[in-house]
Amino acid sequence: MRIDKYLWCIRYYKTRGLAAEAIKKGHVSVNNVKAKASRDVFPLDKITLRRDQINYIVKILDIPPSRVAAKLVDLYRKDETPPESFEHLEMIKLSKEHYRAKGEGRPTKKDRRDISDYTENDSDDDTE
């Protein structure tokens, strides 16, 4: 089975085109060799793919006949991704929230007026 089709079948990518695009960009390797979308994969091959800032390591157990249900994916692959990768992703998410709270954007016109009124009142108090 082609690697792009395999990655689509075991639900790492939503479409086969997205899988082929990731392979073309060099995000996927088979047995530590950069792969092409047309490369065939076989049981016991090791696939390394980078997605969402995580390097996934997948060992092929069997080749599925077609796209499989999410509950059946583990019959065809063994996920050997180290747990530290997922912890690293959580740290990245937390660090993004540190800089700016979710849902806050540019101040509205009313917010700017309130800010302006507040800063003008403070400057008047300082002069007296």
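Please determine, in degrees from 0 to 90 and to the nearest 10, the orientation of helix 109-127 with respect to the longest principal axis defined by the Cα atoms of the chain, where the helix direction is its Cα long axis.
40
Arrange the following residues from fewest to most other Cβ atoms within 10 Å of their Cβ: HIS27, HIS88.
Least to most surrounded, the residues fall as HIS88, HIS27.
Within 12 Å, Cβ to Cβ, of THR81, how many net charges do the neighbouring residues add up to if Lys/Arg are +1 and Asp/Glu are -1?
Details: positive: LYS46, ARG50, ARG51, LYS59, ARG77, LYS78; negative: ASP52, ASP79, GLU80, GLU84, GLU87.
Here the count lands on +1.
Treating the beta-carbon of each Lys and Arg as +1 and of each Asp and Glu as -1, no other charges, what is the dipole magnitude of the chain about its Cα centre, to the nearest 20 debye?
1780
Which entry in [x] 1.64; [y] 1.09; [z] 1.76 matches Cα Rg over 2.2 N^0.38 Å derived from the coordinates of this structure?
The value computed from this structure is option [z].
List the lysines whose Cα sits under 29 Å from the Cα of LYS59, skipping any in the same chain fewer than 8 residues away.
Within reach: LYS5, LYS14, LYS24, LYS25, LYS34, LYS36, LYS46, LYS71, LYS78, LYS93.
Using the count of nearby Cβ atoms within 10 Å as a rough guide to exposure, how do GLU21, GLU84 rank from fewest to most?
Ordered from fewest to most neighbouring Cβ atoms within 10 Å, GLU21, GLU84 come out as GLU84, GLU21.
Between THR81 and residues 5 or more places away or on another chain, which pairs have amide H atoms under 5 Å apart, with H built 1.01 Å from N, and which residues are they?
Close amide H contacts, sequence-distant or interchain: ILE57.
Taking other Cβ within 10 Å of each residue's Cβ, how do ARG112, ARG50, ARG77, ARG2 sort, fewest first?
In increasing order of surrounding Cβ atoms, one gets ARG112, ARG50, ARG2, ARG77.
Given a cut-off of under 8 Å on Cα pairs at least six residues apart, what relative contact order in percent is computed for the chain?
18
Bear in mind these aren't lab numbers, they're just calculated from the coordinates by the rules spelled out. No experiment lies behind these values; they were computed from the predicted model shown. Here the Cβ is made from the backbone with ideal geometry for all residues, glycine too, and neighbour counts use every protein chain on show.
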